[in-house]
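One structure is given here, and the rest of the page talks about it.
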Amino acid sequence: MHWLLRAAARAQIPGLAGLNLPVDAPPAESWEMITRVAHVPTRELVVRLAGALRLSPADLDLLDPPAHPLIAEKLARKHHVFPIRQDDRALYVATADPTDLRAEQEISFASGKRVVFQLASYEEVSEALSAAFSMERAVEALLDKVGSSDADAVRLVEESAPEEVSQRDVEAAPIVKLTNLVLVDAVAQGASDIHIEPGGSRGGVVRFRIDGVMRQYMELPPSAVTRIVSRIKVLAKLDIADRLRPQDGRARIQVGEKAFDLRISTVPTHEAEKAVVRILRSDTLRSLDEMRLAPPEMLRMRQLLSHREGMLLVTGPTGSGKTTTLYAAIREIANGEVNVMTVEDPVEYELAGVTQLQVETKKGVTFATALRSILRQDPDVILVGEIRDGETAAVAAQAALTGHLVLGTLHTNDAMGTVARLTELGLDRATIAATLRGAVAQRLIRRLCSDCAKPIIGPLYADEERLAEQYGTPPTMRAVGCKRCANTGFSGRLPVVEVAVITQALSDQLVGGASANQLQRAAIAQGMWPMRSAALERVSSGETTLHEVERVLGDPSREDGTPMREMSDTLSEPLEVMALIDPVAQAPVVSRERRNTADRRRGARRRR
């Protein structure tokens, strides 16, 4: 007997006596026949059948949107199911055939959660699939939920008078409301960037970058993508008629009581335009103390900032927090007694008591020309947003040689790679040795969510055991996931830095032609804590995980093939001479702390 007939018999559904339903009848045909013959309304039929099957009836009017991305449209249509909601352990799915074990297995594998089926009629599931995965209807449903308060939530602030907030009349066009909704949700979720990406006839997507990781926010039909990009271009005062050339602009908006600066970039693709909106938040400006650097790194940073001439460079890839670190350094220096000037592209945040210049390449204002102009303004400290060409590097070195402290950013993989990069830009090693006071390499790693992270009790998982063996550091906390962190297990980011102080010994090796690897080893011997070791300290203190360290820093082996665990054991050995070579105060204390860390790691491996 067909499972629907067995359930109907147990539920005592009237009108089904004598109904002949083949055992292998497909769900669509079975449900159509049952609902047509039964003498009860469809919803009552579902409730009574669910009780007979010891299942919960699916309520498709109470849906949890974050659960939708866990099942792709192709998989949902294949098994005719629809995700309803999720919790920390399970995904609740509406189905018209709860006997389909293959569907349960494939959904569990795709979502990474235990699947709990809830019963719905075939027609109810069909309507839910059409409403969710028809892009036109999805946009309409989304706009229906956007009230006038959401349309009012985003206000354009005129660049000419940022102190006066101008309120535009609420436009009735639905696309304006949808654009405002995207901006409001991006701000609320703490996104640093919004990506509006076309996808041809399939439509497009809106994605947010949150804590350095891309997350899909919504799918849109092609027409909606084009109109949202046009709306974004209007906010930035770009030419919406020109869709064949890249354009850059800016805007200032107010969401609620807070103002945000937007940096907007559009590029033409073979299908349509793609737009990226960077959200700059003044509340992310931090002092050095608020950056929560480890005490040894903080000591060395402050030692470098005590110089009154020379160059201090912060290195790392795009999005590694270099500008935030430089701004924290400027806030430390700008005490009203020195003249601080900056050259940036763009000026990301306004700093009190600091003169900031914006690079305007189209008007002939480059980093190099702006630097030359600044030198006639009697500066004490100069910040160069990015040293990207030989001319800028030469002017920055000239400024450092003539009694100015120059702070800047550079793209290198580690601290001592700064030397090789400056050499590539045309500076000779003697000039680098005479001007470079220090280099700071930096990355950002995600911080464990304080609401859901759990201490590791008992044996490690297989992947945790593998990473613990590679790194020589056992993890202490495990990411879980909750509503606050959008089930990622992480909330916020932490800086991981290595701070190299150019001592006389390092300067001599630099002039002597030492390679970047040799300089890196010498810097470690003189007390520099490598970036990977600093990241492992974050793991030991329970702030992040080994998986996150591997995601950000990659393979834990050095170029010479030495595993990280062997490297960490040897780091403490040369630190005895640190006080003799490196003039950093409290150097012997730093050596003891780091030697104890290596001892703890060796002990942990022996226990395992």
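The values are calculated or read from the model by the stated rules, or taken from the named source; none is laboratory data. Please read these numbers as outputs of a predicted model, since none were measured by experiment. Using ideal geometry, Cβ is built from the backbone for each residue, glycine included, and neighbour counts are taken over all protein chains shown. Just the protein is used for accessible areas: all its heavy atoms, side chains included, with ligands, DNA and RNA removed. Shrake-Rupley method; radii C 1.70, N 1.55, O 1.52, S 1.80 Å.
Annotations
- Sites listed here are GluC sites (Glu not before Pro) in region 212-272 whose DSSP assignment is loop and whose Cβ has at most 16 other Cβ atoms within 10 Å: 257, 271.
- Distances between every pair of Cα atoms in region 334-434, grouped in 5 Å steps from 0 to the bin holding the largest one, split as 2, 13, 24, 24, 19, 12, 5, 0 percent.
- Of 177/237; 78/177; 78/274; 74/233; 177/233, pairs whose Cα-Cα distance is over 27 Å: 78/177; 78/274; 74/233
- Against the empirical curve 2.2 N^0.38 Å, the C-alpha radius of gyration of region 1-77 lands at a ratio of 1.27.
- Take the convex hull of the alpha carbons in region 1-141; its mean projected area over all directions comes to 8.4 nm².
- Ratio Rg/Rh [Cα only; Rh per Kirkwood] for region 422-528: 1.18
- Residue 36-residue 109 FRET efficiency (beta carbon distance; Förster radius 35 Å; 0.05 resolution): 0.45
- Whole-Å semi-axes of the ellipsoid equivalent to region 44-116 (Cα gyration tensor, √5λ, descending): 19, 14, 11
- Simple spin-label estimate for residue 308 and residue 430 gives 2.7 nm between the two label positions (7 Å along the Cα-to-Cβ direction from each Cα).
- Only Cα sites of region 365-418 enter the Debye sum here, all with the same form factor; the resulting log10 I(q)/I(0) across q = 0.24, 0.27, 0.29 1/Å is -0.93, -1.13, -1.26, listed in q order.
- Accessible surface of region 423-515, 1.4 Å probe: 52 percent of it comes from carbon and sulfur atoms.
- Inter-label distance, nm, simple model (7 Å from Cα along the C-beta direction), residue 398/residue 271: 4.9
- Taking 0.36 nm per residue of separation and subtracting the Cα-Cα distance, full extension of the segment from residue 365 to residue 287 would add 25.1 nm.
- Per-residue SASA entry for residue 547, accessible area with 1.4 Å probe, Å² rounded to 10: 70
- Pairwise centroid distance, computed over Cα atoms, of region 184-258 with region 6-74, Å: 42
- Ranking of 23, 116, 234 by solvent-accessible surface, largest first: 23, 234, 116 (1.4 Å probe, protein heavy atoms only, all chains present).
- For region 247-299, the solvent-accessible area with a 1.4 angstrom probe is 48 square angstrom per residue.
- Subtracting the Cα-Cα distance of residue 23 and residue 450 from 0.36 nm times their residue separation leaves 148.5 nm of extension gain.
- Positive-end residue, region 301-460 charge dipole about Cα centroid, Cβ charges, pick of 377, 349, 361: 349
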